[in-house]
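The values are calculated or read from the model by the stated rules, or taken from the named source; none is laboratory data. These figures come from a predicted structure and were not determined experimentally. Heads up, the Cβs are rebuilt from the backbone with ideal geometry, glycines too, and the neighbour counts pull from every protein chain shown. For the accessible areas, the whole protein counts, side chains as well, though only heavy atoms, and no ligand, DNA or RNA atoms are used. Shrake-Rupley method; radii C 1.70, N 1.55, O 1.52, S 1.80 Å.
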Amino acid sequence: MSQQHVVVATDLTPDSIALLESNSGFKVSSVPPKTASVRAALQDATAIITRSDFKLDAPLLEHAPKLRLIARMSAGLTGIDIDCATERGILVMNTPGVSAVSAAEHTLTLMLALNRNLPAVHESLREGWWLFDRGQQVGVQLYGKTIGIAGLGRVGERVAHLCLALGMNVLAYDPYIRAERVNEARIQLVSLRELLSASDYVSMHVPATKETVDFFDADTLRLMKPGACFINTAHGGIIKEALLAEALLDGHLGGVALDVWNEEPPFNSPLIGMDKVIHTPHIGDNTAEARQDLSLQIVQQVIDALSDRDYRNVVNMPLLPGVSYAQIRPYMQLAESIGALQHVLARCPIQRIAIEIIGDDMHGLIKPMTVGILKGLLSPILGESVSTVNAPLRAAERGWQITQAKGIKISEYRNVITCQITLVDGEEISIAGALLDRQEPYILQINDYRIHFEPRGHLLIMGSYDKPGVIGRVGTLMAENGINIASWHTGRAAPGGNTLTVLNFDEALPEAVMAALREQDFIRHVHQLLI
């Protein structure tokens, strides 16, 4: 059997390179992470190992006819054309959670440096000043202070335990974790508003998803306790840096510490060089131990996958035996869109998920359809770290009960999938969908509302009361704001009762328009999402 060619386009530790080269079935080539060098090496490559700063798009993958595996030495998958890889039968894997310890410790480093004003006092002593103004150099202690942690995942949970060890009070906001899933009784789950108003330090640990881009706007920032400090080691899209600079200048914030930026390198950031700002160049995972752990883990994953032993952290779904990805893809898109809609309609944590499939067209697809629904439910929560491979595990971690059910049929179509979720408060939400011409996903019904629409693009889900003038008032509001409605679909359970409407737009609605909608007397609830 010929050797499998593994291209390494990043810096692996010597131990991990030795482990890779010790396998006689592999030929190992190290190349600089430059497009021209990688393109040449991909001609006969079986696998490639890269970091998050290297782009593997469809044009580059065209030069890799033998490629079977893309291994990303980080949790993020930005820059990899996963759809192209999946269509080509190329597995894509990442290494989530490996650097949680180093990222959590860096968060504490930033917080400690901030509350003792270390950069300024360090510089003053280097310039020959010894306590030239002791009042200006006074710090504060962390003991007894309150930290608010937004996002209680692997890193957030480690930060919480480190802060508890320092004698701090720990508040956490994570709408996707139930209180009984928190193992430490001293960690108090609260709303975001409660967290911001009570915390002396607010530390961000939310994943990079559509929901967490601009997670903090100007109004949210102003909910923070006056004089509190803001720390971000998660991802740079959480807040515009100009907002933080403004809050520092007017005294609302007492300090800012960032390891991640809107643009990297952050040459145009207004925060660089400001007083009361600690800034580092995205080094949260840059420790010797994290580099070693990352290197060894990705190499072992590659060895196991190429040896057909294990497929840990593969983020795209392997093709089913005898069925091409092109055949499965429309069903997966339908299932993911149902999950995404369930997520946006759920007003509290999920307890149970029941799935029913009816019709010959869907025969044998219960597993991939279930995985697709779970991915749709989890992607807004976990971002790109969730996949069609690990979605069941992530759902199990949240305590979701998943069953294949019968008797929840709410549509009369012959080939249909129905998903019913039960929330912790007992509410049930059922959605039925099908494929048009076995290609185009369509939603047929949501609870008692018969409503046919294509789940694609920017959608607005609007629950309202069935009363005259709703269409006109919504249309007028959109016209006044220069917004064109691409499509409008309404279903009602009974005349004079409640209605459910789905509108499609070319782009997301501004928050001001959403706020104006919420104030209308006919609105029961309104949400927007991108599918």
Counting lysine pairs in segment 128-282 that sit 8 or more positions apart or on different chains, with Cα atoms under 23 Å apart, gives 6
Any lysines whose Cα falls less than 19 Å from that of K406, other than same-chain ones fewer than 8 residues away, would be K367
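What does the highest-first list of 366-379, 497-510, 287-300 look like by mean Cβ count within 10 Å? Present the calculation step by step, with values, prior to reporting the outcome.
Details: 366-379: 23.2, 497-510: 17.0, 287-300: 18.7.
Packing proxy ranking, top to bottom: 366-379, 287-300, 497-510.
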Two pseudo-spin positions, 7 Å from Cα along C-beta at N183 and at A479, lie apart in nanometres by 5.9 nm
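Provide the net charge surrounding G383, with neighbours chosen by a C-beta distance below 10 Å and charges set as Lys +1, Arg +1, Asp -1, Glu -1. Kindly include the intermediate steps, with their values, before the conclusion.
Values: positive: K210; negative: E211, E384.
Once all neighbours under 10 Å are counted, the net charge is -1.
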In nanometres, the difference between 0.36 nm per residue of separation and the alpha-carbon distance of S52 and L436 is 134.5 nm
Counting only DSSP loop positions in segment 419-470, the chymotrypsin sites (Phe, Trp or Tyr not before Pro) whose Cβ has at most 12 other Cβ atoms within 10 Å are none
Classified through the alpha carbon gyration tensor (a ≥ b ≥ c as square roots of its eigenvalues; rounded if a/c is under 1.5, else prolate when a/b is larger than b/c, else oblate), segment 388-517 comes out prolate
Expressed in nanometres to one decimal, the distance between label points 7 Å along Cα→Cβ at D275 and L223 is 3.0 nm
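Once you list every other residue whose beta carbon is under 13 Å from the beta carbon of G76, what net charge do they have if Lys and Arg are +1 and Asp and Glu are -1? Please report the intermediate quantities before stating the final value.
Working: positive: R51, K55, R72; negative: D53, E264, D285, E384.
After counting each charged neighbour, the total is -1.
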Taking every DSSP bridge whose two residues both lie in the chain, the antiparallel percent to the nearest 5 is 50 percent
Ignoring ligands and nucleic acids, R518 exposes an accessible area, probe 1.4 Å, in Å² to the nearest 10, of 120 Å²
Of the candidate values (1) 28.6; (2) 26.9; (3) 32.6, the one computed for mean projected area of the Cα convex hull in nm² from this structure is (1)
For the chain, the helices passing both cut-offs (Cα extent along own axis of 18 Å or more, Kyte-Doolittle mean at least -1.0, full DSSP H runs) are 100-115, 288-306, 325-345, 366-382
Residue-ordered couplings for segment 184-196, obtained by feeding phi - 60° into the Karplus form 6.51 cos²θ - 1.76 cosθ + 1.60 and rounding to whole Hz (Gly and Pro as x), are 9, 5, 7, 8, 9, 6, 9, 6, 5, 4, 4, 4, 5
Dividing the mean separation of Cα pairs under 8 Å (6+ apart) by the residue count of segment 152-196 yields a relative contact order in percent of 38 percent
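Sum -39500 (n - 2.57) across every DSSP H segment of at least 4 residues in the chain, then divide by the residue count to get the 222 nm mean residue ellipticity, nearest 500. Each step should come with its number before you reach the end.
On the way: 16 runs with 165 residues, N = 531.
Computed mean residue ellipticity for the chain: -9000 deg cm²/dmol.
Between E21 and E397, what FRET efficiency follows from the Cβ-Cβ distance if R0 is 30 Å, with the result rounded to 0.05? Don't skip to the end; give the middle numbers.
Values: r = 36 Å, r/R0 = 1.18.
The calculated FRET efficiency here is 0.25.
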A correct Karplus calculation of ³J(HN,Hα) over segment 484-495, with 6.51 cos²θ - 1.76 cosθ + 1.60, θ = phi - 60°, whole Hz and x for Gly and Pro, returns 9, 8, 6, 7, 9, 9, 10, x, 9, 6, 7, x
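Report the FRET efficiency, 1/(1 + (r/R0)^6), for I523 and H161, where r is their Cβ-Cβ distance and R0 is 56 Å, rounded to 0.05. Write out the running numbers ahead of the final one.
Values: r = 42 Å, r/R0 = 0.75.
Efficiency, from the Cβ-Cβ distance: 0.85.
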